[in-house]
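Nothing in this text is a laboratory measurement; each read-out follows from the coordinates by a stated rule. Given the structure is predicted, the values throughout are model-derived calculations rather than measurements. Glycine gets a Cβ as well: all are built from the backbone with ideal geometry, and neighbour counts include every protein chain shown.
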Amino acid sequence: MQLIGHYHNAGFEAVADGVMDFFERRQDLQRPGVAFGPGGSNAEPAKVSTDISLVALSRSDPESFALADIIVRGVSAGLEQYLQERQLFRDVCPDQELFVMPVFNLQRYAPGEGFRQWHCDWTISDEATEPVNRVLAWILYCDSVTEAGTEFHWQQHHEMAERGKLVIFPASASHIHRGRVNSELSKTIATGWINAGSREDFLKRLARS
């Protein structure tokens with residue numbers, strides 16, 4: 001529990017409201033969420049959702065950039081508080097630096113949908129977001145939904161979905177988690193990762209790729 005940070009204030013509530021409004025209006029950006037399972041034609045997918053991917057780097061869509069930028073700024077403020085409360089966490093990271101990955105997702109789970117499979121956010125796949133460098137993950141709950149938060153396996157903890165609450169936790173297998181599914185109500189979140197190293201070095205590598 002000591003490594004699950006919770007941050008909830010009026011600013012995060014305003015961002016959550018902005019996400020809800022954006023998601024409703026920008027149906028042009030909505031895509032089926034990545035769904036994967038154990039394989040086989042009859043296998044139930046691990047995750048069913050509707051997603052919008054945001055990039056706080058490109059200004060090609062000014063509205064998307066503005067929302068992505070304010071979310072990254074808000075999560076970065078939460079990260080700084082998280083690290084101030086846990087100074088040793090920063091000290092043991094490479095270069096003693098972490099940054100909020102500027103590529104992340106908005107996700108809506110309709111009634112009965114969810115990320116049902118136990119998982120963690122650290123992988124060794126070769127992607128632009130450099131998953132091998134992930135140290136922390138974050139979730140911003142954008143609406144309050146009973147029995148629809150996040151279950152943490154080892155901690156035997158259910159994090160409730162409450163509008164405007166930011167949760168930061170380790171991306172590793174120490175914090176295996178899954179979404180709790182509500183069969184009657186939908187849930188909307190913004191979610192992404194926090195990587196080791198500096199944002200500037202990441203952007204240089206991204207530009208070369």
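Per-structure values
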{"quantity": "Span-rule helices in the chain, defined as complete DSSP H runs reaching 30 Å or more along the axis (Cα) with Kyte mean at least -1.0", "calculated": "62-85"}
{"quantity": "Sorted peptide list for 5-12, 122-129, criterion being average Cβ within 10 angstrom, highest first", "calculated": "5-12, 122-129"}
{"quantity": "Inter-centroid distance (Cα atoms) of the stretch 130-191 relative to the stretch 49-88, Å", "calculated": "16"}
{"quantity": "Translational diffusion coefficient (Stokes-Einstein; Kirkwood radius from C-alpha pairs) of the stretch 1-157 at 25 °C, 0.890 mPa s, in µm²/s", "calculated": "140"}
{"quantity": "Pair SER58, ASP201: separation of 7 Å Cα→Cβ label points (nm)", "calculated": "2.7"}
{"quantity": "The stretch 138-185: chymotrypsin sites (Phe, Trp or Tyr not before Pro) falling in loop per DSSP and having at most 11 other Cβ within 10 Å", "calculated": "TRP154"}
{"quantity": "Most mobile listed residue (ARG90, ARG199, ARG59) in the chain, GNM with C-alpha springs under 10 Å", "calculated": "ARG59"}
{"quantity": "Amide hydrogen neighbours beyond the local backbone of LYS165, cut-off 5 Å, H modeled", "calculated": "TYR141"}
